[in-house]
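Worksheet: one structure, shown below.
No lab work stands behind these numbers, since they all come straight from the coordinates. All values reported here derive from a predicted model rather than from experimental measurement. When we count neighbours, we look across all protein chains shown, and the Cβ atoms used for this are built from the backbone with ideal geometry, even at glycine.
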Amino acid sequence: MKFFSTNTASTNTASTNTASTNRAAPARDRILAQARFETVTLLRNGEQLLVALVLPAMALVGLVLSHSPSLGPGRRVDLAVPGVLALAVISTAFTGQAISTAFDRRYGVLRLLGVSPLGRNGLLVAKALAVLTIELLQGVVIGGLGLALGWHPQWMGLFAGGLLALVGTWMFVALAVLLAGTLRAEGVLALANLIWVTLLGLGGVIIPRTQMPSGLSHVAALLPSGALGDGLREAFMHGRLAGIPLLVLVVWGAVATALASRTFRWSD
Amino acid sequence: MTEAVSVRDLAKRFGATTALAGMTWAARHGQVTAVLGPNGAGKTTTIECAEGLQRPDSGEIRVLGTDPWQAGPDHRACVGVMLQDGGLPNSSRPVRLLRHLAAFHQSPADVDTLVDRLGIGAFSGTTIRRLSGGQKQRVALAAALVGRPEVVFLDEPTAGLDPHARLDVWDLVRETRDSGCAVIVTTHSFEEAQRLADHIVIVNRGRVVGQGGLAELTGERSLEDVYFSLTREAAR
């Protein structure tokens, strides 16, 4: 059984890369294949699934059914759902991507995919698509759970919320890539989890800034986590696009992207 | 015969370390070219320049007539790569991964045949993380061949394999060569170079210290003798 069967003639005479049997699949197919591969890999990973879906869902149920911590004035479920959506974005775009990219770099996966027909740019686009797919799934699960628990969103704010989630995703992925491209994989694992827990507790994500001491509240306003939490609450509670949170996310995103593109190393 | 890979006067420094100092050699279609040399001789750096992973400071490198640095997807589709550290995602399973990599190509090799030839079926359901070194090695080789490349770079393809697996790999490498592919193998094994290579390139301290066919290179002596005399003398 010969596994090389048809390209003998073409390769013997090939001095350039024009042999007709040996071309890359179209860019769209390569990117979609990689996005699908990454999405399925993430969904099959128990820890990732826990951080992406189970913990946010538990947080939502816990917040809605309990009376503390205080989420401020308004219906509890209406305050809780946007915060948990922000948490879901941070889990997937930041923690999940930082850890998986760091280990892919460590094990040479980024190098191998970089020299495959997919290429480096294709890999970046595919990763972005995989993150957005998982976020969409998170949105459906958390939003659905929220509705079941009595959430009354301002549907007018869906566009603003979507825009903030997109900008927030870009910002947090850039931050993830900045970490993953410069630190050792173990360091990224520890740091990404630490940052996730810190932002969860003190970053103005789930607990609105209005319920935090004023010093901390001012800091959280300038953090991407606080901006995303504030922005999503504003969108879904009042149907408005909040300018300052959007600006905070854009500035962080621009800085993180510039730094990441300068410092990212594809190999360990 | 056409040159599939040509490396001309390649130089590369990393800080104060000189990795390549005028490396020059070529590899042809339908031949196995073995690059032999001590650790730090510049084997991997040269191969990485040829794969487009690194850019040389000076000199010229052509793979299938193309500068590999930032070459496009159709070029990369013609070049197979087996990295020393494997480059396989830890949480995936061999067959799913190979099918996925095949999807990057318009007319890939038949994954089932490749899996069968390399005995990957026996551990197809195990995640890469849990495979032994030799098993990973076989998956990495399959990954390099899945696009039916015209040039393939194999970094120590049989390191860590048991004798049977090594023969399987050598058979597959010969068959790949016989299909017209240019196979470039880096190795520390004289046996591998002797049994497999049509052309042997011995490198030391960033340059070529000897090359040719086995008979041409060694004459009456053993490859091991020639290797040590070339790499030790040059080191003094």
Can you work out D for the protein assembly as shown in µm² s⁻¹ from Stokes-Einstein, where Rh is the Kirkwood radius over C-alpha pairs, the temperature is 25 °C and the viscosity is 0.890 mPa s? 99
Extension gain from A:Leu241 to A:Leu43, taking 0.36 nm per residue of separation minus the Cα-Cα distance: 68.1 nm
With θ set to phi - 60°, apply the Karplus curve 6.51 cos²θ - 1.76 cosθ + 1.60 along the range B:179-195 and write out the HN-Hα couplings as whole Hz, x wherever there is a Gly or Pro. 6, x, 6, 8, 10, 10, 10, 9, 7, 9, 9, 5, 4, 4, 5, 5, 7
Once you have a ≥ b ≥ c as the square roots of the Cα gyration tensor eigenvalues for the range B:89-148, tell me rounded if a/c is under 1.5, and otherwise prolate or oblate according to whether a/b is larger than b/c. prolate
Using the Cβ atoms and a cut-off under 14 Å, what net charge is assigned to the surroundings of A:Leu247, where Lys and Arg are +1 and Asp and Glu are -1? -2
Projected onto the charge dipole of the protein assembly as shown (+1 at Lys/Arg Cβ, -1 at Asp/Glu Cβ, origin at the Cα centre), which of B:Ala21, A:Ile244, B:Thr33 gives the Cα projection farthest towards the positive end? A:Ile244
DSSP H helices in chain A with Cα extent of 24 Å or more along the helix axis and mean Kyte-Doolittle hydropathy at least -0.5? A:27-44, A:119-148, A:158-180, A:185-202, A:243-263
Can you give the local net charge around B:Gly160? Use residues other than it whose beta-carbon is closer than 15 angstrom to its beta-carbon, Lys and Arg +1, Asp and Glu -1. -4
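Counting other beta carbons within 10 Å of each residue's own, what order do B:Trp170, A:Trp151 fall into, fewest first?
The fewest-first ordering by Cβ neighbours comes to B:Trp170, A:Trp151.
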So the number of lysine pairs in the protein assembly as shown with alpha-carbon atoms under 28 angstrom apart, 8 or more residues apart or on different chains, is 4
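Given charges of +1 on the Cβ of Lys and Arg and -1 on the Cβ of Asp and Glu, with all other atoms neutral, how large is the dipole of the protein assembly as shown about its Cα centre, in debye to the nearest 20?
Details: 45 positive and 38 negative charges, 210 e Å.
For this selection, approximately 1000 debye.
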Extreme residue, positive dipole direction of the protein assembly as shown, given options A:Leu228, A:Leu55, B:Val95 (C-beta unit charges): A:Leu228
Please give me the summed charge of the neighbours of A:Arg265: other residues whose Cβ is under 13 Å from its Cβ, Lys and Arg +1, Asp and Glu -1. +4
Per its Cα gyration tensor (rounded if a/c is under 1.5, else prolate when a/b beats b/c, else oblate), chain B is best filed as prolate
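Summarise the partner chain shielding of B:64-74 as one whole number: the mean count of Cβ atoms from other chains within 10 Å of each residue's Cβ.
4
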How many angstrom separate the Cα center of the range B:64-133 from the Cα center of the range A:104-127? 13
Classify chain A as rounded, prolate or oblate from the Cα gyration tensor: take a ≥ b ≥ c as the square roots of its eigenvalues, call it rounded if a/c is under 1.5, otherwise prolate when a/b beats b/c and oblate if not. prolate
Ignoring everything except DSSP H segments at least 4 long, calculate the 222 nm mean residue ellipticity for the protein assembly as shown; use -39,500 (n - 2.57) per segment, divide by total residues, nearest 500. -16500 deg cm²/dmol
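Rounded to the nearest 5, what % of the DSSP beta bridges within chain B are antiparallel ones?
Details: 20 of 38 bridges.
Antiparallel bridges make up about 55 percent of those DSSP assigns within chain B.
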Quick one: putting +1 on the C-beta of Lys and Arg, -1 on the C-beta of Asp and Glu, what dipole do you get for the range A:24-263 around its Cα centre, in Debye to the nearest 20? 400
Rounded to the nearest 0.05, FRET efficiency between A:Thr263 and B:Ser124 (Cβ-Cβ, R0 41 Å) equals 0.60
Could you work out, residue by residue across B:96-107, how many beta carbons of other chains sit within 10 Å of that residue's beta carbon, and then give the average as an integer? 6
Evaluate the relative contact order of the range A:24-263 (contact order divided by residue number), counting alpha-carbon pairs under 8 angstrom at least 6 apart; express in whole percent. 28
